[in-house]
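To keep things clear, I will list the structure first and then write my remarks on it.
The values are calculated or read from the model by the stated rules, or taken from the named source; none is laboratory data. Since the model is a prediction, treat every value here as computed from it, not as a measurement. Positions of Cβ are generated from backbone atoms using ideal geometry, with glycine treated the same way; all protein chains shown enter the neighbour counts. For accessibility, only protein heavy atoms count, side chains too; no ligands or nucleic acids. Shrake-Rupley method; radii C 1.70, N 1.55, O 1.52, S 1.80 Å.
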Amino acid sequence: MDKKSIIGLVLIFGIFVGYMAWTAPTEEERAKMRKAYIEDSTRKAEEKRIADSIATAQATVDSLVAAGDSAAIAATAQTTDMGSFNACTGEGILIPVKSERMSLEFYSKGARINKVVLADYQTFDKQILELITPADDNLNLIFSTTEGLTVNTQDITFSTLIDGHAWNGDTLTVKAGDSLRISMRADISAALDSNAAAGKHYLEFVYTVRGDSYEVGFDINFVGLEEFILSDNRVDLQWRNRMLRQEQAREGTRSERTYTSIYYKPVEDDVDDLTAGKDVTEQVKNQLEWIAFKQQYFSAILTAESTPFENAELKVRTDKGDTMRNYLTDMYATLGIPFGHDTKELHMGFYFGPTKFRDLRAFDRDFDKMLPLGWTFISKNISRWLIIPAFNFLEQFNWNYGIIIIIFTLLIRLLLLPLVYKSYRGGAIMRILKPEMDALNQKFPKKEQAMQKQQAMMALQKSAGYSPMAGCLPVLLQMPFLTAMFMFFPQAIELRQKSFLWCDDLSTYDSILDFGFNIPLYGDHISLFCLLMFGMQFFYTWYTMKQQAGTQTMPGMKFVMYFMPFMMLFIFNSQSAGLNLYYLVSLTFTMTTMILIRKFTDEKKVRARMAAYAKNAAGKPKKKSNFAKRLEEMQKQAEAMQKQREKQQNRR
């Protein structure tokens, strides 16, 4: 390895170290991390204490069962005092509901949605896609009573009415255009007033299922409870879900967990989220319009229709001890809801469905902003207003999605062609100027002549009508498009489980060989589209470097250029096949365009331009630009410093 390559490696290492130092957490962030660690340790200790208490209670019940003491068992079972709601206890019943979009399961104990299965989608392994999983604490309303007690609705057993009638025990079906009203009521009229008729004092949860929608209406009614529920300005709604893995991913790959987080929309601010892919707890003091438990392609959203949520505590926790194959993580939200003496009802709503940009945007509630479509304002808007509309337009032709990606890529490259044409043409001109460039390298062989050689090369390029800056600027202008594409494809549910050639699913990697073990940073498989993209990029690099042979380049640049394809191979091996197909087609188009431009760039015209430039410049005083003046001054300073160093070395 020569001196220039070593300098290049040192510079790369320096940039890497500088980046790590720049992205290192601040003292404030470290303090938050320490606080989160302490809270997590406290939570685990509390969970262990509760688990131990439950185990002890269970052991007590088991011993009583063995002794046959039924009275003692009943006394032990009733451990939570809910005051007037003590009459609303007992076993719950499951109520299955099926619409055109999904199957739901309601549970009368806790008056909650127990399970949601989407009808038109499956998991990566062709199983039912369960978006909401059964749990006793999926939904819980907490409030205080004038009796000095705290009531958790998850402990209450509600009676159920279907469109005002008793449920007959059958699966309920909701057809397109129809709706179904499920009322779950906890009536405490007799407990509050022995003379009161039923229906005078009750708490009611009402769900409205629509046949052709992913939405479910959710209302809570407080009837005749003004003197029973303590009006302390707020009640708390707890919402929790155990998230299951829906997409293909393996250890060491960019998994679905990376795209999983809690999103929320403040009333007077933009959509925000917790740190994706990490366990985190966050207190949000702003009023919220909605919160969402989002996975890569699907979301469960809870909206506030009448009164905004406030003082929310949002939490993502992953149980490392959970050995269930498809377990992903747990999400929790505790939402404060303003509540006063005059509060009669709370209006909310659920959305259980895919995170398809077009559908989410139709709600006009900023749901679509959950999708990370770019890293900058420019790339986000390129995705929003150009890439997605173009992709949706091509969908109308009902072609295979692989064909759509190829045509889509070609259209994008044709759109960008005017930006990169000068860069490609500049490469062709540099090929023509290679003899003159070689002559300048021989004319200025010494290091101290580097500035003179650079000036001479710039003058030569100018005479041929080529400006290095004119070639660099279009490349920089392409960057927002590249980042927008990188973010778009992993979020495009349209590609999910769509096949093309050997690939069964364009939304994930196309493995042609599984190792059975994991290679750090690479994965446990070989993606063929990624391998083809690597081959094309390596050939592109070789061809470009061959054309630039003999020209002056930065130290270590050759190594960096050849290193890039290998870096991309490691980064993209676990990316979606659709993304790798896009880059493969894009590189192929770029390579073809470059070869054609260089082939049809007329050397005679370039030479004629150079001759005309020399003729016009002959006899005229050369007017130096400010940049040229600064360059010349830098050259003089560099030569003076070199002479000074040589003198010092001679003295030694």
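Restrict the check to region 187-194 and report whether at least one residue is free of Cβ contacts under 8 Å to residues at least 12 places away in the same chain and over 25 Å from L139 (Cβ atoms). Yes, region 187-194 contains at least one residue that is free of Cβ contacts under 8 Å to residues at least 12 places away in the same chain and over 25 Å from L139 (Cβ atoms). Would you be able to say whether some residue in region 503-521 is in a loop (DSSP other than H, G, I, E, B) and free of Cβ contacts under 8 Å to residues at least 40 places away in the same chain? Yes, region 503-521 contains at least one residue that is in a loop (DSSP other than H, G, I, E, B) and free of Cβ contacts under 8 Å to residues at least 40 places away in the same chain. If I filter region 352-366 down to residues being hydrophobic (A, V, I, L, M, F, W, C) and not in a strand (DSSP E or B), which single residue comes out as farthest from S144 (Cα to Cα)? Ranking the qualifying residues of region 352-366, first place goes to F357. T307 meets all of the listed conditions (1) part of a strand (DSSP E or B); (2) surrounded by fewer than 17 Cβ atoms within 10 Å (Cβ to Cβ); (3) touching a Pro at 6+ places or on another chain (Cβ under 9 Å) but one, namely (1). Of everything in region 272-289, what is touching a Phe, Trp or Tyr at 6+ places or on another chain (Cβ under 7 Å) and within 25 Å of F488 (Cα to Cα)? Give them in sequence order. Within region 272-289, D272, D273, A276 meet the criteria.
Residue-by-condition table, conditions (1) under 21 Å from R257 (Cβ atoms); (2) part of a strand (DSSP E or B); (3) in contact with a helix residue (DSSP H, G or I) (Cβ under 9 Å, 6 or more places away or on another chain); (4) at pLDDT 90 or above:
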{"residue": "Q283", "(1), (2), (3), (4)": "no, yes, no, yes"}
{"residue": "E289", "(1), (2), (3), (4)": "no, yes, no, yes"}
{"residue": "K320", "(1), (2), (3), (4)": "yes, no, no, no"}
{"residue": "A333", "(1), (2), (3), (4)": "yes, yes, no, yes"}
{"residue": "L346", "(1), (2), (3), (4)": "no, yes, no, yes"}
{"residue": "F350", "(1), (2), (3), (4)": "no, yes, no, yes"}
{"residue": "D368", "(1), (2), (3), (4)": "no, no, yes, yes"}
{"residue": "K380", "(1), (2), (3), (4)": "no, no, yes, no"}
{"residue": "S383", "(1), (2), (3), (4)": "no, no, yes, no"}
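Select from region 277-304 the residues that are touching a residue at least 40 places away in the same chain (Cβ under 8 Å) and of a type in the set (A, V, I, L, M) and write down the one among them that is surrounded by the fewest Cβ atoms within 10 Å (Cβ to Cβ). Going through the qualifying residues, I end up with V280. Being assigned to a strand (DSSP E or B) and out of contact with any Ser or Thr (no Cβ under 6 Å at 6 or more places or on another chain) is the filter; apply it to region 158-167 and report the residue that is most open to solvent (accessible area, probe 1.4 Å). Filtering region 158-167 for residues that are assigned to a strand (DSSP E or B) and out of contact with any Ser or Thr (no Cβ under 6 Å at 6 or more places or on another chain), the one most open to solvent (accessible area, probe 1.4 Å) comes out as H165. In this structure, is Y207 assigned to a strand (DSSP E or B), touching a residue at least 24 places away in the same chain (Cβ under 8 Å) and open to solvent by 10 Å² or more (accessible area, probe 1.4 Å)? When the stated conditions are applied, Y207 does not pass them. Filtering region 572-585 to residues that are open to solvent by 10 Å² or more (accessible area, probe 1.4 Å) and at pLDDT 90 or above leaves Y583, L584, V585.
Within region 140-157, if we keep just the residues that are out of contact with any helix residue (DSSP H, G or I) (no Cβ under 7 Å at 6 or more places or on another chain) and within 15 Å of G110 (Cβ to Cβ), the residue that is surrounded by the fewest Cβ atoms within 10 Å (Cβ to Cβ) turns out to be I142. Only residues that are surrounded by fewer than 17 Cβ atoms within 10 Å (Cβ to Cβ) and not aromatic (F, W, Y) were counted across region 481-525, and they come to 12. Evaluate region 243-260: report whether one residue or more is open to solvent by 60 Å² or more (accessible area, probe 1.4 Å) and either more than 30 Å from Y509 (Cα to Cα) or aromatic (F, W, Y) (or both). Among the residues of region 243-260, not one is open to solvent by 60 Å² or more (accessible area, probe 1.4 Å) and either more than 30 Å from Y509 (Cα to Cα) or aromatic (F, W, Y) (or both), which makes the answer no. Scanning region 528-537 for residues that are modelled with pLDDT of 90 or more and either among the hydrophobic types (A, V, I, L, M, F, W, C) or in contact with a helix residue (DSSP H, G or I) (Cβ under 8 Å, 6 or more places away or on another chain) (or both) yields L528, F529, C530, L531, L532, M533, F534, M536. Taking the criterion of being touching a Leu at 6+ places or on another chain (Cβ under 6 Å), within 19 Å of M479 (Cα to Cα) and open to solvent by less than 10 Å² (accessible area, probe 1.4 Å), the only residue of region 370-407 that qualifies is S383. Flag: G199 matches the condition of being within 17 Å of C88 (Cβ to Cβ), among the small types (G, A, S) and in a loop (DSSP other than H, G, I, E, B). Within region 93-115, the set of residues being within 19 Å of D187 (Cβ to Cβ) and surrounded by fewer than 23 Cβ atoms within 10 Å (Cβ to Cβ) comprises I93, I95, K109. D364 meets the conditions (1) on the phi > 0 side of the Ramachandran plot; (2) touching a residue at least 40 places away in the same chain (Cβ under 8 Å); (3) open to solvent by 50 Å² or more (accessible area, probe 1.4 Å) in every case but one. The failed one is (2). Set side by side, the residues L131, L118 differ, and just one is touching a Pro at 6+ places or on another chain (Cβ under 8 Å) and open to solvent by less than 10 Å² (accessible area, probe 1.4 Å), which is L118. Just one of the listed residues (I132, I182, I156) is among the aliphatic types (A, V, I, L, M), touching a Cys at 6+ places or on another chain (Cβ under 8 Å) and touching a residue at least 40 places away in the same chain (Cβ under 8 Å), and it is I156. Contact map, region 166-178: residues that are acidic (D, E) paired with residues that are modelled with pLDDT of 90 or more and open to solvent by 90 Å² or more (accessible area, probe 1.4 Å), Cβ distance under 9 Å, separation 6+ or inter-chain. Pairs shown: D178/R210. Cβ separations smaller than 9 Å between residues 6+ apart or across chains give the following pairs from region 382-406 residues that are under 20 Å from S499 (Cα atoms) to residues that are hydroxyl-bearing (S, T, Y) and outside any helix (DSSP H, G or I): N400/S499; Y401/S499; G402/S499.
Residue check: D269 meets all listed conditions (1) assigned to a strand (DSSP E or B); (2) under 30 Å from N221 (Cα atoms) but one, namely (1). Taken residue by residue, region 102-125 has no member that is basic (K, R) and not in a strand (DSSP E or B).
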